[in-house]
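I have placed the structure first, in the form of structure tokens, so that the comments after it can refer back to it.
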Amino acid sequence: MKKEITIVGAGLVGSLLSIYLAKRGHKVSIYERRNDMRKEQMSAGRSINLALSDRGLLALEKVGLADDIKEICIPMHGRYIHNADGTHAYQPYGKEGQYINSVSRATLNMKLMDLAEKHGIEIHFNQKCTAIDWKKNEIIFEDPNLQLQTLNFDLLFGSDGAFSAARLQQQLHHQKFDYNQYYIDCGYKELTIPPTPDGNFALEVNALHIWPRKDYMMIALPNLDKTFTCTLFFPFEGDLSFSKLDTKEKAAAFFEATFPDAVPLMPDYVNEFFHNPTSSLVTVKCFPWVRDDRFALIGDAAHAIVPFFGQGMNCGFEDCRILDELMETNGDDWATILQQYQTLRKPDADAIADLAVNNFTEMRERTADPKFLLQKKIEAELHKKYPELWIPAYSQVTFSPHIRYSEALLRGQKQEAIMQSIMQLPDIENKWESEEVERMILEQLD
Ligand SMILES: Cc1cc2nc3c(=O)[nH]c(=O)nc-3n(C[C@H](O)[C@H](O)[C@H](O)COP(=O)(O)OP(=O)(O)OC[C@H]3O[C@@H](n4cnc5c(N)ncnc54)[C@H](O)[C@@H]3O)c2cc1C
């Protein structure tokens, strides 16, 4: 039997989910807190561009949207490292032909909303979920004039992001709801690199740029309008922190000393630094995500993660694909679909949350370290020679959408332990290509 399905939140995941559900014949309505962003001017300093990788693309492909979305993406084939001493290094992300895609979150969201509407989905804007009555299967939305409307639901999805109201309602009315929220001590701020005076990209376009500086870092991703969005990940407090850079002079002195090659490309960075918001980064783990056959959390509402593996959206899109596979197998048995969805996805969401926190250390501390670069080179060679046996952790997460995140975490930990022992070998810099080293690595794999 086809359902009337209500979705809270028309973000990236809610919009894609609605298309999956409509394709299965359900009647879907989305209720979104904000105004229609397609009719609004975007607020400064919140442009956020995202890395869309193979998991997200696979989920888009399954509903025939990958080609539409690729049109608004810029391929990034590797990391372009800007060292503190002014030197540069380039690390390909994977094998030749493998890349991740820079896409503007807002442009992607608007495109997904357009596509959802094309599939007959109604999106109701300015409707903020404020309460859910689980006994009556009712949900209450409030509009900007504080007018309330109460709706009945058959099946409800909470895709209302990291600070989900639907999740709060699940928590408030559940006897055993586990909830864990963890803020890292760094926040982030966006800055802009405009096009050059002759209208070109100011940096290599097909790369994700990183300025790793140990306790903090700046990254830059390209946009279709030939700008780069830079994001500074920086401590909130401490000797070098947002709180200490409290005058234009201090901010300028810090940037000139720390990012000397970026400063000439960012004519307005001091103003942006003081006008653009400083935002926090949170990991949320919770359980259970579902309620009988009538409710599920999905996307960031179920599992908010920090952005250092570029997987939050990819993971949310994968939730939609897995849910769809379960619909295929279980027909209209929603109690089973939702139970299996939670059983499958919870360990994977926990795994990518941990991988993402760990990758912050890797990006800001290790990408500038020559020994780390050598390790990555050895792993890339191993992958080339033994493509099934050795897949670098980054490639498992980013380019192997059929490897579960939980499996990638375990395999990655095992490989890292092996590599740590190999990197301790005397004279590894000169003998890393030897048969002896290869044998030692392979022996340590089962
Ligand atoms: C700096 C940064 C960089 C990132 N980089 C990447 C990356 O490179 N790759 C990647 O895959 N992911 C990345 N992410 C994560 C990605 O942005 C999120 O995982 C993704 O947006 C989650 O989508 P969502 O639809 O679950 O939530 P959201 O996109 O947050 O959408 C939630 C929607 O629900 C609405 N809403 C909220 N509350 C209510 C309510 N009470 N009632 C009704 N509607 C409501 C909101 O207005 C919003 O439209 C990054 C995140 C950040 C912050």
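For the chain, the residue among ALA166, ALA393, GLN340 whose Cα projects farthest onto the positive side of the dipole built from Cβ charges is ALA166. Beta-bridge orientation, the chain: approximately 70 percent antiparallel, per DSSP, counting only bridges with both partners inside.
Size descriptors for the chain: radius of gyration and Dmax over Cα atoms are 22.9, 73 Å. Taking the longest Cα principal axis of the chain as reference, the axis of helix 334-361 is set at about 30 degrees. Taking Cα centroids, how far is region 344-418 from region 38-109 in Å? That distance is 19 Å.
Across the chain, the relative contact order, built from alpha-carbon pairs under 8 Å that are at least six residues apart, equals 18 percent.
Put a dot 7 Å past the Cα of GLU328, heading toward its Cβ, do the same for LEU373, and the two dots end up 4.4 nm apart. Principal-axis analysis of the Cα atoms of the chain puts helix 248-258 at an angle of about 60° to the longest axis. Ranked by the mean number of other Cβ atoms within 10 Å of their residues, highest first, the peptides 307-313, 191-197 fall in the order 307-313, 191-197. Using a simple spin-label model with pseudo-atoms 7 Å out from Cα toward Cβ, LYS95 and GLU407 lie 1.7 nm apart.
Is the C-alpha gyration tensor of region 348-405 telling us rounded, prolate or oblate? Criteria: a/c under 1.5 is rounded; beyond that, a/b larger than b/c is prolate, otherwise oblate. Kindly include the intermediate steps, with their values, before the conclusion.
On the way: a/c = 3.31, a/b = 1.04, b/c = 3.17.
In terms of gyration-tensor shape, oblate.
Give the longest segment of the chain that steers clear of trypsin sites (Lys or Arg not before Pro) in DSSP loops with at most 11 neighbouring Cβ atoms within 10 Å, not counting the sites themselves. Longest stretch, sites excluded: 177-446. With respect to the chain, whose longest principal axis is taken over its alpha-carbon atoms, helix 105-118 is tilted by about 30°. Calculated mean residue ellipticity at 222 nm for the chain: -12000 deg cm²/dmol, from DSSP H runs with n ≥ 4 weighted as -39500 (n - 2.57), summed, divided by the residue count and rounded to 500.
Let me make sure I get this right: for region 133-273, a, b and c are the square roots of the gyration tensor eigenvalues over alpha carbons, sorted descending. Under 1.5 in a/c it's rounded, otherwise prolate if a/b > b/c, else oblate. Which is it?
On the way: a/c = 2.88, a/b = 2.07, b/c = 1.39.
Because a/c hits 1.5 or more and a/b exceeds b/c, region 133-273 counts as prolate.
Just check region 369-444 against the gyration tensor rule for me: Cα atoms, a ≥ b ≥ c as the square roots of the eigenvalues, rounded for a/c under 1.5, and otherwise prolate or oblate depending on whether a/b exceeds b/c. Before the final figure, lay out each step's value.
Working: a/c = 1.94, a/b = 1.81, b/c = 1.08.
Prolate is the answer for region 369-444, as a/c is 1.5 or above and a/b outweighs b/c.
Place a +1 charge on the Cβ of each Lys and Arg in the chain and a -1 charge on the Cβ of each Asp and Glu, then give the dipole magnitude about the Cα centre in debye, rounded to the nearest 20. Spell out each step's value before the answer.
Numbers: 48 positive and 64 negative charges, 161 e Å.
Roughly 780 debye, rounded to the nearest 20.
The calculated FRET efficiency for ARG366 paired with ASN180, based on their beta-carbon distance and R0 = 30 Å, is about 0.65.
Rule-based calculations on the coordinates, nothing more; no lab input. Just so it is clear, the model here is predicted, and its values are computed rather than measured. Quick reminder, even Gly has a Cβ in these numbers, built from the backbone with ideal geometry, and neighbours come from all protein chains shown.
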